[in-house]
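The values are calculated or read from the model by the stated rules, or taken from the named source; none is laboratory data. In this text, all values refer to a predicted model and were calculated from it rather than measured experimentally. Cβ placement follows ideal geometry from the backbone for every residue including glycine, while neighbour counts extend to all protein chains displayed.
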């Protein structure tokens, strides 16, 4: 455990030293404030709107940006060390492959979680000043849920990035695979599900299984955690229609997101143990 924490601390410090953490924090804060203030520009006005609409917009923003940044900061976790000729040196120390991978996974996840808390925290302070309805326990609970689930979403894609990094033999190939994974899960997955639902005209069988198919994508689980309680009026009617009125238990959703966090990393560990160096 000591070795894992040592590697994690190193990765976390490197995140600050390379300005990754500060840059990601600034990106999250700027995008969150921009979405909140200019979210209603299509209706001919600017300024902070309702809390529900703002949270729905932030959830949509997080669904696109957090997976991409997670993959970008972690896609070279192992293959980068291999390309740089430092992987063999690291493993020459009294350090197992599992400890090295786990330390890097925890370090990258901590960097991302820190950026999410700090970046969206800055936006929350602005909301507190400009939006009186945010000064309630219910709003704070929703904000806390959003930040916690966003951190889990980031960790799940860090795990996927670790898996890609172990399987790829070159950094360029790992980067390409990371972008393909992002495109498949962020864009194609829901598009395919929606197309099938439209073509089939939403028969009873497909309406029964569609709510569970959404659990096969960590991004959709994240969206369900944050959007279900907002209702159709928050601009998420199309997404909620795909759930076919299914009642999701919050514990089940968090369990699915936790599984998406642990399963890809477990596969990465297994693949790393058999990787030739």
Taking segment 84-112, which residues are more than 16 Å from residue 5 (Cα to Cα) and surrounded by 16 or more Cβ atoms within 10 Å (Cβ to Cβ)?
87, 112
Here are some residues: 34, 52. Which one is over 18 Å from residue 219 (Cα atoms), in contact with a helix residue (DSSP H, G or I) (Cβ under 6 Å, 6 or more places away or on another chain) and either in a helix (DSSP H, G or I) or modelled with pLDDT of 75 or more (or both)?
52
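Answer yes or no as to whether residue 165 is buried (at least 21 other Cβ atoms within 10 Å of the Cβ), closer than 30 Å to residue 33 by Cβ and either touching a residue at least 40 places away in the same chain (Cβ under 8 Å) or touching a strand residue (DSSP E or B) at 6+ places or on another chain (Cβ under 7 Å) (or both).
no
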I need a count of the residues in segment 189-202 that are over 19 Å from residue 67 (Cβ atoms) and surrounded by 18 or more Cβ atoms within 10 Å (Cβ to Cβ).
1
Looking across segment 248-265 at residues that are assigned to a helix (DSSP H, G or I) and free of Cβ contacts under 8 Å to residues at least 60 places away in the same chain, the single one that is surrounded by the fewest Cβ atoms within 10 Å (Cβ to Cβ) is 251
Suppose the filter is surrounded by 15 or more Cβ atoms within 10 Å (Cβ to Cβ) and either modelled with pLDDT under 80 or within 18 Å of residue 221 (Cβ to Cβ) (or both); does residue 115 pass it?
no
Test of understanding: among 214, 185, 257, which residue is under 18 Å from residue 74 (Cα atoms) and either out of contact with any helix residue (DSSP H, G or I) (no Cβ under 6 Å at 6 or more places or on another chain) or modelled with pLDDT of 80 or more (or both)?
185
Residue that is within 18 Å of the chain's Cα centre (by Cα), under 21 Å from residue 261 (Cβ atoms) and buried (at least 24 other Cβ atoms within 10 Å of the Cβ), where the choices are 186, 158, 181:
158
Long-range neighbours under 7 Å by Cβ, at least six apart or interchain, first residue on the phi > 0 side of the Ramachandran plot and modelled with pLDDT of 75 or more within segment 120-132, second surrounded by fewer than 17 Cβ atoms within 10 Å (Cβ to Cβ) and not in a helix (DSSP H, G or I):
none
